[in-house]
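Read the figures in this text as sums done on the coordinates, not as results from a lab. Because the structure is predicted, anything quoted here is derived from the model rather than measured. Methodologically, a virtual Cβ is constructed for each residue, glycine included, from the backbone with ideal geometry; neighbour enumeration extends over all protein chains shown.
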């Protein structure tokens, strides 16, 4: 049997490396379009300051990009190294978008980033702008394919289990691509990236303005960031709602946990603005409810019900019991694959196969199953409520905070007096960590909320791991933490150094701080 | 849609193409990285060396990433078994990769490309020996070997072959892009590593012929069947790794190409015809990787502890639909990738000199 310790360490390692990777990704996604905007203005107006803006913000973007790529390779490796059974079981479906991402997007982005930095003197203005645009397109396509893969983990459509090959196999590629979960996730995630890029430029520009240096450069950057950021954060919030809607259809469990909905409320269900969830007694000790709101967000109707946690667990209990039959039928069928009766028996209940596999966390053979074990497995099917509930609310709160900051930034940009509003500049500066925190919380909700599954309803997390020793995991986890800490220190050092140097680091002679500094990145 | 057995064979070729692409593209910049401390004697010279690959290494690295993705999609069982079985070797490869952005982008002197490339091939050398893993009824793989067992003499020889190959190839590229002292030093390195390549490639071949038992499928096997690695039987036989050259004599062109390509590349490089030499050393890479692939065929990853668990081209692949979709994706995008990569090299072509570094003080690495 697979030790729980091994599973926990494997999950921890994936969580650490994935969350770390996503410190760099959203900035890359957002900055590419900001660079496109700045360079387009340069090409259209011919004003050198916009070229300097593209090059300076591009320099910071480059420092970030290098680590985004490097830490992304870790994630690709990790499916094979630490999640071998997962890779076998769903590689037929999950591997394809990853490979296509490489072919269609990652090559594009990585080839043109070289020309973006080194091609200024060798390309015409229009050619260089084209390079920047292709780099941005590549980055966003890359996010699309990764989120198609991730969306399939949340809502595994377009695939079927094959008892001969013992794995999920793709039956409809277009269904996998146009998975509503994947599409909603893509738009929500890239918008969050655009917001991150905008906040980055807004904060650092605000800092220059507070210091009273490189004022013209900072003002122009601030305005672009304010407009782009406002549009982006609106899209994050509106399309985040869309994401909630699709979650409601495919993953009611996640929704119920996120909202601390223990009971199935009469439609339209109320929204718990604040609650103190009590896991043991399956109720909220305290809650402030807003009537109707949850029902409308979750179902887009006034009459459809949203199932609560208790109801979901009862349904899952039935599916686990049926799933035991499915696993037994599968084993019989694999021994005599040509028996049509066995095949028919398996086909009737194979939809519950994944639920039967949940019991493998506790027993090697189903003779050992007791009512207590079934109870444990049933309880496993809903993630812990409190972390879901609070992470989600914190994420949404950060979203609205950023909406206000970008809203005021845009308002005073239009009025033209933002540079004298020190409270606005200070808020923009201190809000710098907000988008990163929001992104990390969002991924936590998405991935923790899918537990106990790696592929929802199909493959339990517990079975997905590689059969490694616990010591190997301690070793590799220590290695990752060590390397990643050093890389983060180097990255932050460079980022802060160049942010402090400002556009003077381009060595054009037009900006502050140009004397005696180390110029090349 | 093509029939299943044809698709399986095409994907064996395509994985080969991706590995060759990786070795030619990422190989030359890793080779340059390896040579860096030996051919660049001061900071300006080192910057010249780094800037020959500066605009391109990021794109080249994607060959590695896409190769991994393609193996995941086309050979999921191989991906799962190899990456988890070679856990520590894979992590060392990965961690060595972390040094590149720090070494290149962040202007430090750390560079561990060789180290990493060697590991790739130590893993490959182990494939020819067989790898201790097995599957249970639900195809859960268990690896029973230790990390240190990977470090056996034959595998290390394979590691040296690969290091020599990419350093040789990188040296030719570096000669193409530099002048003066760096050019002369690199030429010397090129001759050394070219000779080492020819020597170790020959040693590995003899060893394989005389000293290592190959694997043979001993049961009837239907290439069009749904993949199930446990459905066959396998035996070990002396000399079996060379059997394909007897069965398909045309494949002998591959080892011949390896020798001729390497010799021709050395000759052309000495004559200063560096671009032609680069083409020749690329042909040598095709020959070397092709030789390795044909020797193993149809095996991809033989199991030494449970022979029938061995993974082959026929029974460790994805479904027909997935292979077919992936084939289309490759057919559409590979020519585009080659086209824009060539354009990027063309834009940045020409010699990198100390003067170039001075002119681009604020943009170059």
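Here the contact order of chain B, divided by its residue count and restricted to Cα pairs under 8 Å and six or more residues apart, works out to 25 percent.
Over chain B, one equal point on each Cα, no solvent: what is log10 I(q)/I(0) by the Debye formula at q = 0.13 Å⁻¹? For chain B at q = 0.13 Å⁻¹, log10 I(q)/I(0) is -1.05. A compact globular protein would have a Cα radius of gyration near 2.2 N^0.38 Å; the ratio found for the protein assembly as shown is 0.98.
Just checking the listed ones, B:314, B:209, B:12: in the Gaussian network model of chain B with Cα springs under 10 Å, the one fluctuating most is B:209.
Relative to the longest principal axis of the Cα atoms of chain A, the long axis of helix A:215-250 lies at roughly 10 degrees. Distance from the C-alpha centroid of the stretch A:163-226 to that of the stretch A:290-362: 35 Å, rounded to the whole angstrom.
On average, how many beta carbons from a partner chain sit within 10 Å of the beta carbon of a residue in B:215-227?
Values: counts 0, 0, 0, 0, 0, 0, 0, 0, 0, 0, 1, 6, 6.
Per-residue shielding by partner chains comes out at 1.
In this simple spin-label model, placing a label point 7 Å from the Cα along the Cα-to-Cβ direction at both residue A:172 and residue A:344 gives a separation of 2.7 nm. For the pair residue A:469 and residue A:282, the difference between a 0.36 nm per residue extended length and the Cα-Cα distance amounts to 63.7 nm. Quick one: helix A:434-448 against the long Cα principal axis of chain A, what's the angle to the nearest 10°, folded into 0 to 90? Compared with the principal axis, the helix lies near 10 degrees.
Tell me the Kirkwood radius of the stretch A:123-184: reciprocal of the mean inverse pair distance over distinct alpha-carbon atoms, in Å.
13.7
Peptides A:438-449, B:325-336 ranked from most to least packed give A:438-449, B:325-336, packing being the mean of other C-beta atoms within 10 angstrom over each peptide's residues.
Report the FRET efficiency, 1/(1 + (r/R0)^6), for residue A:384 and residue A:314, where r is their Cβ-Cβ distance and R0 is 22 Å, rounded to 0.05. For R0 = 22 Å, the calculated efficiency reads 0.70. Within the stretch B:236-268, whose backbone N sits under 20 Å from a point 7 Å along Cα→Cβ of residue B:13? Zone members listed by number: B:244-258.
Between the stretch A:1-15 and the stretch A:440-476, the alpha-carbon centres lie 7 Å apart. Using the Cβ-Cβ distance between residue A:369 and residue A:486 with R0 = 51 Å, the FRET efficiency computed as 1/(1 + (r/R0)^6) comes to roughly 0.60. Pairs of Cα atoms nearer than 8 Å and 6+ residues apart set the relative contact order; for chain A it is 20 percent.
Quick check on the stretch A:176-244: what are the equivalent-ellipsoid semi-axes from the Cα gyration tensor, as sqrt(5λ), descending, whole Å?
Numbers: eigenvalues 209, 16, 12 Å².
Semi-axis lengths for the stretch A:176-244 are 32, 9, 8 Å.
Our estimate of slack between residue A:75 and residue A:432, defined as 0.36 nm per intervening residue step minus the Cα-Cα distance, is 125.9 nm.
Model label points for residue A:216 and residue B:210, set 7 angstrom from Cα along the Cα-to-Cβ axis, are 7.8 nm apart. For the pair residue B:359 and residue B:191 in one chain, pulling the backbone fully straight at 0.36 nm per residue adds 57.2 nm over the alpha carbon distance.
Placing one equal scatterer on every Cα of the stretch A:375-521 and applying the Debye formula, the log10 ratio I(q)/I(0) at q = 0.12, 0.14 Å⁻¹ is -0.87, -1.02.
A simple spin-label model places the labels of residue A:351 and residue A:400 3.9 nm from each other, with each point 7 Å out along Cα-to-Cβ. Helix A:25-45 axis versus longest C-alpha principal axis of chain A: approximately 30°, rounded to the nearest ten. The distance linking the stretch B:37-55 with the stretch B:196-234 is 42 Å (Cα centroid to Cα centroid, whole angstrom).
Stokes-Einstein diffusion for the stretch B:1-44 at 10 °C, viscosity 1.306 mPa s, with a Kirkwood radius from C-alpha pairs, works out to 122 µm²/s. The alpha carbons of chain A stretch over 80, 49, 41 Å along the principal axes, in descending order.
Peptide A:120-127 has a mean of 2 when you count, residue by residue, the C-beta atoms of other protein chains within 10 Å of its C-beta.
Calculated [222 nm] ellipticity per residue, helices only, for chain A: -23500 deg cm²/dmol; basis is -39500 (n - 2.57) per DSSP H run with n ≥ 4, divided by all residues, nearest 500. Averaged over peptide B:339-347, the number of partner chain Cβ atoms lying within 10 Å of each residue's Cβ comes to 4.
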